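*Asks:* Mind looking over this structure? Questions follow.
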Amino acid sequence: MVKKNILVFAHESSLNGASHSLLTILIGLKSEYNFLVIIPDKGLMEAPLFENNINYKILNIPRCSYFNFKSITDHLKRIYSYYRVKKTILMSLNLICNTFKPDIIYTNTSVISLGFDLSKKINKPHVWHIREYGDTDFNICYIPFRKAIINKIKKSKKSVFTTHLLKKHWLGEMKENSSIIYNGVFDSVNLIKKAQLNRVTRIGIVGLIMENKGQFEAILILNLIVKQNKNVHLFIYGDIYNKEYYKLLENLIIEKSLNKKVYFMGYVENNEIYQNIDILLSSSKNEGFGRTIIEAMSYGIPVVARNSGGPTEIIENGLDGFLYDTVKQGSDRITNLIMNSKLYFDISLRSKYSARSKFSKREYLKSINSIFKEAI
């Protein structure tokens, strides 16, 4: 059987949640499809692509988005710049398509719309995978405006969303051509996490250091915890995305006298993170999904997550993890886990079972493959 060709648009060359979920698709389905991945620049994404013999090209695709709206004048300038660059990039993409001849164009994010535009130009089906709210989680402003992106999503052959809440945020009650597919994680994890706490409890928060990821709130939660239990540390994993926000975090740590309680770890491989933490704290505002939550649960690491976005569909509160609405409630949830070893043990076992049964890589790949086949 001749394998179909899929041209893939990735918005980042780093290895964050969306990239890991994309790699699962590329590696898991490479025996059935020929992939050509467009990434914006050099980065950590290149190594797994190269190691798995997945073709890629570096092309600085312009994003149809930017952070933090300033003024109408600034927005109009960004629109002009975007369309000027878009015209040149589309010429390069046409040359790529003449050689690669894609059967499907697949876009892994809401912040790139060129995949849709190209699909119309070469008359091929477009599959759009939406993984973020955009406006309420990252404060993204879309070019030319959000409604235009929504219309393109609606006109794509297929659209995929990581949660029901996310789909409703973008398309309302529309059902035609849209699917909900939860991200998949590894079906098995060799390391069996001991369902017991270290002498010093290690709380981890994972994600780029930026405001929407909630590290500020995590520090406030830690501040309440250590008033009752001094043997608790917070490990912040992730590269610095916003230097001003990072400085704000440093000032908060000094203000609360938490210098010896909070550690910035930078980017660390996932397996190493989950071997070193006892509890995962997710303080993101309107998280699109929460891949790190599933990963932690698959290791049997209890998760305490903000009660918004993706975590509300992942965690059954009090059964396989905890949700919280306020800093005080988040602190109480974690303190309860630390003080109650039986609760910690029970949540650990149930979270491991839940992650592996509900969010398996096998089902994820099966569902994505069905979308590709339907699109073709």
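*Asks:* Leaving ligands, DNA and RNA out of it, report the carbon-plus-sulfur percent of the accessible area of the chain at a 1.4 Å probe.
*Replies:* Carbon with sulfur: 52 percent of the solvent-accessible area.
*Asks:* Find the centroid of the Cα atoms in segment 1-20 and in segment 81-99, then give the distance between the two in whole Å.
*Replies:* So the separation of the two Cα centres works out to 18 Å.
*Asks:* Sorted from largest down, what three extents in whole angstroms do the Cα atoms of the chain have along their principal axes?
*Replies:* Taking the Cα atoms of the chain, the three principal extents are 63, 52, 40 Å.
*Asks:* Let me ask another. So how far, in whole Å, is the C-alpha centre of segment 259-305 from the one of segment 220-249?
*Replies:* So the two Cα centres are separated by 13 Å.
*Asks:* Note down the relative contact order for the chain as a percent, whole number, built from C-alpha pairs under 8 angstrom at least six residues apart.
*Replies:* Here the relative contact order equals 16 percent.
*Asks:* On to the next question. Which helices of the chain meet both criteria: a Cα extent of 27 Å or more along the helical axis and a mean Kyte-Doolittle score no lower than 0.0, with helices taken as whole DSSP H segments?
*Replies:* Helices passing the filter in the chain: 72-100.
*Asks:* If you don't mind, there's one more thing I want to ask. Quick one: Debye curve from the alpha-carbon atoms of segment 156-297 only, equal weights, vacuum; give me log10 I(q)/I(0) at q = 0.14 Å⁻¹ to two decimals.
*Replies:* Relative scattering, expressed as log10 I(q)/I(0), comes to -0.76.
*Asks:* I would also like to ask the following. Say the cut-off is 27 Å between C-alpha atoms; which of LYS154/LYS213; LYS152/LYS358; LYS121/LYS154 go over it? Spell out each step's value before the answer.
*Replies:* Values: LYS154/LYS213 29 Å; LYS152/LYS358 31 Å; LYS121/LYS154 17 Å.
Result: LYS154/LYS213; LYS152/LYS358 exceed 27 Å.
*Asks:* From the convex hull of the Cα coordinates of segment 327-376, what is the mean projected area in square nanometres?
*Replies:* 5.2
*Asks:* Report Rg (one decimal) and Dmax (nearest whole number) for segment 306-353, counting Cα atoms only, units Å.
*Replies:* For segment 306-353, the Cα radius of gyration and maximum Cα-Cα distance read 10.7, 29 Å.
*Asks:* Ratio to report: Rg/Rh of segment 26-84, with Cα atoms as the point set and Rh obtained by the Kirkwood method; give two decimals. Walk me through the intermediate numbers first.
*Replies:* Working: Rg = 16.6 Å, Rh = 14.1 Å.
Across segment 26-84, the Cα-based Rg/Rh ratio is 1.18.
*Asks:* Here is a further query. So what is the relative contact order of segment 4-57, in percent, for Cα pairs below 8 Å that sit 6 or more residues apart?
*Replies:* Worked out over segment 4-57, it gives 46 percent.
*Asks:* Where a Cα-Cα gap under 14 Å defines reach, which aspartates and glutamates qualify for LYS4, not counting those fewer than 8 residues away within the same chain?
*Replies:* Partners found: GLU32, ASP103, GLU374.
*Asks:* Using the structure shown, select from LYS3/LYS158; LYS42/LYS361; LYS3/LYS57; LYS30/LYS361; LYS42/LYS168; LYS42/LYS243 the pairs with a Cα to Cα distance greater than 24 angstrom. Don't skip to the answer; put the middle values down first.
*Replies:* On the way: LYS3/LYS158 20 Å; LYS42/LYS361 27 Å; LYS3/LYS57 20 Å; LYS30/LYS361 14 Å; LYS42/LYS168 34 Å; LYS42/LYS243 21 Å.
Going by Cα-Cα distance, LYS42/LYS361; LYS42/LYS168 fall outside the 24 Å limit.
*Asks:* Just to be sure I follow the definition: excluding the sites themselves, where is the longest run in the chain that has none of the GluC sites (Glu not before Pro) in a DSSP loop with at most 11 other Cβ atoms within 10 Å?
*Replies:* Of all site-free stretches, the longest is 1-172.
The values are calculated or read from the model by the stated rules, or taken from the named source; none is laboratory data. Because the structure is a prediction, the values reported are computed rather than measured. So basically every Cβ, Gly included, is an ideal-geometry build from the backbone, and we count neighbours across all protein chains shown. All accessible areas refer to the heavy atoms of the entire protein, side chains included, with ligands and DNA or RNA removed. Shrake-Rupley method; radii C 1.70, N 1.55, O 1.52, S 1.80 Å.
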